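For reference, the structure discussed in these notes is given below.
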Amino acid sequence: MLIRFQFAFFFAHPVIDRTAFMILLREGMGDLLDGDPMLLPVSSGDQMGLPFLTMGSRDGRCHISAAMPRLDCVVEIADESQDEFCGFARGTLEKLRQILNGFELSRFGCTATLFEKAESPIKRLLETYVSYEMRETCNEIVFRFNEPQEINGTMYNRVVVAQNGFKEDAVHGSVPGVITSLDINTPASLVHIEKAHVDAVLMQINEDSLIRNDGH
């Protein structure tokens, strides 16, 4: 099941007017960002990606972090169906895309995090990714690989990270399972991001997520 999305927008030129940017986000996102924003004292010459602005919803399911070179938005699942969650995430992304329409974007990426309940997460990971017979005393395992994929003539990065972990459940507490992150992002060689590139990333995320959900 999908439990989390992270959308990353990379600016071709650094954000200079931080206060105006905060107001733009607050007005454009509306009630979705009903928490108190925090404008941080980061040097205007800082290009290292330290956030100058954090904003979020009071229920904690949506959070935005903005730095001069990029903006990240994280959306967490609530007590809702997969269709409702994906619809909420898509609506959030579309609002952000409209807000950032006036900025020149150099890259875009989306990371989808999935959770699969498993009594033995280590065994499940080994069955899924490798044939190596691991000792039963192993209590942590992580796989990461980048398998670039061509979409409409452009090669996109397709990074998969899988590991054992837990998902907190209101009824059952900490449920053991396999957590898989799918990170699809545009290549660094692409200097201008258009709606078609964003749609391509979302299409691939959707296809990969459906395949993994069906397989579980």
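The values are calculated or read from the model by the stated rules, or taken from the named source; none is laboratory data. On a predicted model such as this, the values are computed, not experimentally measured, just so you know. Note that we place each Cβ from the backbone using ideal geometry, even for glycine, and neighbour counts take in every protein chain shown.
Which condition from (1) free of Cβ contacts under 8 Å to residues at least 40 places away in the same chain; (2) surrounded by fewer than 18 Cβ atoms within 10 Å (Cβ to Cβ) is the one that residue 88 breaks?
Single failed check for residue 88: (2).
Go through the residues of the range 93-106 one by one and say whether even a single one is assigned to a helix (DSSP H, G or I), over 22 Å from the mean Cα position of the chain (by Cα) and β-branched (Val, Ile, Thr).
no
Given the residues 201, 142, 159, which is the only one that is of a type outside the set (Gly, Ala, Ser), in contact (Cβ under 8 Å) with a residue 60 or more places away in the chain and either crowded, with 16+ Cβ neighbours inside 10 Å or touching a strand residue (DSSP E or B) at 6+ places or on another chain (Cβ under 9 Å) (or both)? Before you say what the answer is, go through the steps one by one.
Values: 142 fails: in contact (Cβ under 8 Å) with a residue 60 or more places away in the chain; 159 fails: in contact (Cβ under 8 Å) with a residue 60 or more places away in the chain.
It is 201.
Residue 43 versus (1) farther than 24 Å from residue 102 by Cβ; (2) of a type in the set (Ser, Thr, Tyr); (3) modelled with pLDDT of 90 or more: which is the lone unmet condition?
Residue 43 satisfies every listed condition except (3).
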